[in-house]
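Working notes for the structure below.
Derivation of every value follows stated rules applied to the coordinates shown; laboratory data play no part. Here the structure is a predicted model, which is why all the values come from computation and not from measurement. We place every Cβ from the backbone using ideal geometry, glycine too, and count neighbours over all the protein chains shown.
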């Protein structure tokens with residue numbers, strides 16, 4: 001097993017996501033979730049949100065993308081999202097930053113504090129547990 005160098009306080013390289021109504025509608029098609037809160041501007045305008053909002057699972061996909069880009073196979077082999085909270089809606093027409101900071105690390109796992117933030121502040125928060133084992137490629141084991 002290869003040595004993994006991760007330190008508490010380390011920032012995960014962030015992602016930037018531009019959200020449009022088209023992105024939300026395409027995600028509805030991918031996910032099969034056509035709730036009018038996400039896809040029907042007239043309906044959504046009458047809700048407490050005052051307009052369409054992105055699906056929560058779109059934000060979860062962003063968090064997974066962030067961790068996959070950072071740790072690759074380690075994230076896929078036992079990573080977990082924990083305590084995810086949807087603090088504010090993700091709206092079309094905005095740019096969002098997906099960030100993570102290592103809060104704890106030992107030889108077995110790292111705990112990452114996660115956020116999705118827009119111009120008006122935090123939209124999603126949570127944590128991830130990322131295994132700290134380095135998986136070997138098939139070529140290395142042959």
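Residues in the range 1-27 that are surrounded by 12 or more Cβ atoms within 10 Å (Cβ to Cβ) and outside any loop (DSSP other than H, G, I, E, B): 12, 14, 15, 17, 19, 21, 23, 24, 25, 26, 27. Going through (1) surrounded by 14 or more Cβ atoms within 10 Å (Cβ to Cβ); (2) within 26 Å of residue 120 (Cα to Cα); (3) more than 14 Å from the chain's Cα centre (by Cα) one by one, residue 59 falls short only on (3). Against the conditions (1) on the phi > 0 side of the Ramachandran plot; (2) crowded, with 18+ Cβ neighbours inside 10 Å, residue 52 satisfies every one except (1). Looking at the range 28-125, the helices (runs of 4 or more DSSP H) lying wholly inside it that each contain 2 or more residues that are touching a strand residue (DSSP E or B) at 6+ places or on another chain (Cβ under 6 Å) and under 20 Å from residue 8 (Cα atoms) sit at 56-71, 73-76. Pairs linking a residue in the range 77-98 that is in contact (Cβ under 8 Å) with a residue 40 or more places away in the chain and on the phi > 0 side of the Ramachandran plot to a residue that is assigned to a strand (DSSP E or B) and buried (at least 16 other Cβ atoms within 10 Å of the Cβ), with Cβ atoms under 6 Å and 6 or more positions apart or on different chains, are 78/131; 83/126; 83/127. Scoring residue 8 on the criteria (1) under 17 Å from the mean Cα position of the chain (by Cα); (2) within 25 Å of residue 129 (Cα to Cα); (3) in contact (Cβ under 8 Å) with a residue 60 or more places away in the chain leaves a single failure, condition (1).
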